[in-house]
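The values are calculated or read from the model by the stated rules, or taken from the named source; none is laboratory data. Predicted model only: the values in this text are computed from it and were never measured. For neighbour counting, all protein chains shown are included, and Cβ atoms are generated from backbone atoms with ideal geometry for every residue, glycine included.
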Amino acid sequence: MIWLTWRQFRTQAVAVWALVAAFGLLLLVTGPHLVTLYRDSSFAACRSNCGQAAGNFLNQLANDPPYHTVYLLGALLIILLPAVIGLFWGAPLLARELESGSFRLAWNQSVTRERWLAVKLGVLGLASMAVAGLLSLILGWWASPIDNAAGLAGTGGFQSRFFPLDFGTRGIAPIGYAAFAFVLGVLVGLMFRRTVLAMGITLAVLVAVQIAFPMVVRPHLITPVRETTALTAANIQGLGINQDGQLQNVFAQAPSVPGAWIISSQVTTSSGSTALGTVPQACQSQQGPNACFSALAQKNLNQAAVYQPANRYWTFQWIETGIYLTVAILLAWGCFWWVRRRLS
């Protein structure tokens, strides 16, 4: 069964592994020079208050097209990988055999339904996780200087590892995504028995999950830190005034928490209200922004920030990966149930 499974899907497997090899070669070619740029930068020698040095290093890379392009390409590959696995490995795995009726031939060769399914799920499921894990590992190695700098000063198109698009391309989370996408495709193929239909449904579900999870679920996996500090003139960047001449909003610089995931940052009154009151007279005259911001600071406003500290990054990685692997196991159980109860 293992050899038969390999022969049936060797084309898809070779195509994906060839892509991984090509991308790995690209990282090996560009990685050493990236490390050299990092070692020669002022950021590498910096020991405290390194935000400006980190920003200068990232801006240097942003002006060097190969590194920014490779950075984006790597993120794109890993983000799309679960969809590729779900569509081209998972959905056709059983749907193609069910559609053609060839599964009956396997069952008539003393192969039980459970073994038939277990081998297919095990071989390609582990291969899916291995591909995702390897891509994440080599991209994380290549981008480690960038990630270190972006944790202090996300600029030049580079973001911290907590940024939603980057979080899913580092660490162990891609392994969970790949396992979930693969088993989802297999189950959908079992249920609908049509390859093209199964691929379409799998894609729709994966897109919905990959959009909804970072926005709806991830922020609530761990209770965030809530911190309130006094608003100073130096932190104010602008203000908004409504039609009634009241302060609608005060735009302030996000709090400086290196590597943190800033979920929200809002200016409030000392009582916590978002009704900020009237606009100071200094902001309605021609005294300039400095006088306006100083007057705003005298209103005793606070800056309320909600964030996840940088030291929780791996906790989030483990929790999210565990969730996806748990769902993948439940979907695999659903595959066995469907084969035993509904498939004939």
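Suppose we keep only residues that are surrounded by 13 or more Cβ atoms within 10 Å (Cβ to Cβ) and assigned to a loop (DSSP other than H, G, I, E, B) within region 254-273. Which one would you say is modelled with the highest pLDDT? Ranking the qualifying residues of region 254-273, first place goes to A260.
A search for C-beta distances below 7 Å between a residue of region 167-181 that is among the basic types (K, R) and any residue that is assigned to a loop (DSSP other than H, G, I, E, B), counting only pairs 6+ apart in sequence or on different chains, returns R170/R161. Quick check: anything in region 299-309 out of contact with any strand residue (DSSP E or B) (no Cβ under 9 Å at 6 or more places or on another chain) and either free of Cβ contacts under 8 Å to residues at least 12 places away in the same chain or exposed (fewer than 13 other Cβ atoms within 10 Å of the Cβ) (or both)? Scanning region 299-309 turns up no residue that is out of contact with any strand residue (DSSP E or B) (no Cβ under 9 Å at 6 or more places or on another chain) and either free of Cβ contacts under 8 Å to residues at least 12 places away in the same chain or exposed (fewer than 13 other Cβ atoms within 10 Å of the Cβ) (or both).
For region 331-344, the set of residues classified as modelled with pLDDT of 90 or more and surrounded by fewer than 13 Cβ atoms within 10 Å (Cβ to Cβ) consists of W333 only. Here region 160-201 is the region considered, the condition is being of a type in the set (F, W, Y) and farther than 23 Å from R96 by Cβ, and the residue that is farthest from the chain's Cα centre (by Cα) is Y177. Among the residues that make up region 275-288, is at least one of them loosely packed, with under 12 Cβ neighbours inside 10 Å, in contact (Cβ under 8 Å) with a residue 40 or more places away in the chain and not assigned by TED's automatic domain parsing to the domain that holds G55? Looking through region 275-288, none of the residues is loosely packed, with under 12 Cβ neighbours inside 10 Å, in contact (Cβ under 8 Å) with a residue 40 or more places away in the chain and not assigned by TED's automatic domain parsing to the domain that holds G55. Counting only residues that are farther than 30 Å from Q210 by Cβ and either assigned by TED's automatic domain parsing to the domain that holds L152 or outside any strand (DSSP E or B) (or both), region 289-323 holds 13 of them. When you look at I201, is it farther than 18 Å from G334 by Cβ, modelled with pLDDT of 90 or more, β-branched (V, I, T) and surrounded by fewer than 23 Cβ atoms within 10 Å (Cβ to Cβ), yes or no? No. Could you say whether any residue in region 24-46 is part of a helix (DSSP H, G or I), in contact with a Cys (Cβ under 8 Å, 6 or more places away or on another chain) and in contact (Cβ under 8 Å) with a residue 40 or more places away in the chain? Yes, the conditions are met somewhere in region 24-46.
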